[in-house]
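*Asks:* Here it is, the structure, as structure tokens.
The values are calculated or read from the model by the stated rules, or taken from the named source; none is laboratory data. Quick caveat: nothing in here was measured; it's all calculated off a predicted structure. Backbone-built Cβ (ideal geometry, glycine too); neighbour counts: all protein chains shown. Accessible surface is based on the protein model in full, side chains and every heavy atom, while ligands, DNA and RNA are left aside. Shrake-Rupley method; radii C 1.70, N 1.55, O 1.52, S 1.80 Å.
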Amino acid sequence: MKPPRDHVDQVMEQWARERPDLDVSPQGVIGRLHRVAAALTEELVEVYSRFGLGEGEFDVLATLRRSGAPYELTPTQLGLSTMVSSGAISKRVDRCVQQGWVSRRVAETDGRSRVVGLTDQGKRLIDEAFTAHIANEHRLVGKLSARQQDTLAAVLAVWGRTLGA
């Protein structure tokens, strides 16, 4: 049985009509992946917002929490773990400091360096938010069979490595 047509099918047909000299088949993967990523982001952000968090704040708190006790990292380490610019990290950390979720202090080993750490309030918040986040992710991937989930994860891992992601 053929799956129902989607928006990407329509786009590919239009391009095939307008540019029959080009093989537009990669759009079947990349277009759908882009659309799925956008839909997933909406689903994830909705859960973060229940806890008063945006994507950036969730990312900072989750990165600190998963780093293990004492739940502290330098801004550089945060940037490497979250793959955003130092300016973006600074803004995210500033928002988290304002909310009382993290603290920022001078590093003991280098007076020029700073350390960002979870506060007790921040740890409680991310533990609660992460529990809801994982339940949401289970709900989202639960729309696929276990075999489909395993296959998709494996394919994306291989593709990601080839792209340096």
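*Asks:* Looking at segment 103-147 only, could you name the residues that are assigned to a loop (DSSP other than H, G, I, E, B) and either of a type outside the set (Gly, Ala, Ser) or surrounded by 12 or more Cβ atoms within 10 Å (Cβ to Cβ) (or both)? Write out each step before concluding.
*Replies:* Residues of segment 103-147 assigned to a loop (DSSP other than H, G, I, E, B): 107-113, 119, 142-145.
If the condition is that a residue be assigned to a loop (DSSP other than H, G, I, E, B) and either of a type outside the set (Gly, Ala, Ser) or surrounded by 12 or more Cβ atoms within 10 Å (Cβ to Cβ) (or both), then Ala107, Glu108, Thr109, Asp110, Arg112, Ser113, Thr119, Lys143, Leu144 are the ones that fit.
*Asks:* While we're on this one: Go through segment 35-78 and count every residue that is open to solvent by 30 Å² or more (accessible area, probe 1.4 Å) and within 18 Å of Glu137 (Cα to Cα). It would help to see each step written out before you state the result.
*Replies:* First, the residues of segment 35-78 that are open to solvent by 30 Å² or more (accessible area, probe 1.4 Å): 35-46, 49-52, 55, 59, 65-67, 69-72, 74-77.
Among the residues that remain, those that are also within 18 Å of Glu137 (Cα to Cα) are: 35-46, 49-51, 55, 59, 66.
Within segment 35-78, residues that are open to solvent by 30 Å² or more (accessible area, probe 1.4 Å) and within 18 Å of Glu137 (Cα to Cα) number 18.
*Asks:* Also, I was wondering about something else. Among the residues of segment 2-16, are any surrounded by 13 or more Cβ atoms within 10 Å (Cβ to Cβ), under 30 Å from Val84 (Cα atoms) and modelled with pLDDT under 95?
*Replies:* So far as segment 2-16 goes, yes, one or more of its residues are surrounded by 13 or more Cβ atoms within 10 Å (Cβ to Cβ), under 30 Å from Val84 (Cα atoms) and modelled with pLDDT under 95.
*Asks:* If you don't mind, another one. Restrict the check to segment 81-89 and report whether at least one residue is part of a helix (DSSP H, G or I) and of a type in the set (A, V, I, L, M, F, W, C). Lay out the reasoning, then the answer.
*Replies:* Here is the first cut: in segment 81-89, the ones part of a helix (DSSP H, G or I) are 81-82, 86-89.
Subset that is of a type in the set (A, V, I, L, M, F, W, C): 88-89.
For segment 81-89, residues part of a helix (DSSP H, G or I) and of a type in the set (A, V, I, L, M, F, W, C): present.
*Asks:* I'd like to verify a number: residues in segment 154-164 that are open to solvent by 60 Å² or more (accessible area, probe 1.4 Å) and assigned to a helix (DSSP H, G or I), how many? I'd like the intermediate steps shown before the answer.
*Replies:* If we filter segment 154-164 for residues that are open to solvent by 60 Å² or more (accessible area, probe 1.4 Å), which is where we start, we get 155-156, 158-159, 161-164.
Of the ones still in play, those that are also assigned to a helix (DSSP H, G or I) are 155-156, 158-159, 161-163.
Number satisfying all stated conditions: 7.
*Asks:* How many of the residues making up segment 65-80 are among the charged types (D, E, K, R) and outside any helix (DSSP H, G or I)? Steps first, answer last, please.
*Replies:* We begin by selecting, within segment 65-80, every residue among the charged types (D, E, K, R); these are 65-66, 72.
So of that shortlist, the ones also outside any helix (DSSP H, G or I) come out as 72.
Of the residues in that region, 1 qualify.
*Asks:* Please indicate, with yes or no, whether at least one residue in segment 50-58 is in a loop (DSSP other than H, G, I, E, B), touching a residue at least 40 places away in the same chain (Cβ under 8 Å) and on the phi > 0 side of the Ramachandran plot.
*Replies:* The answer is yes; a qualifying residue exists.
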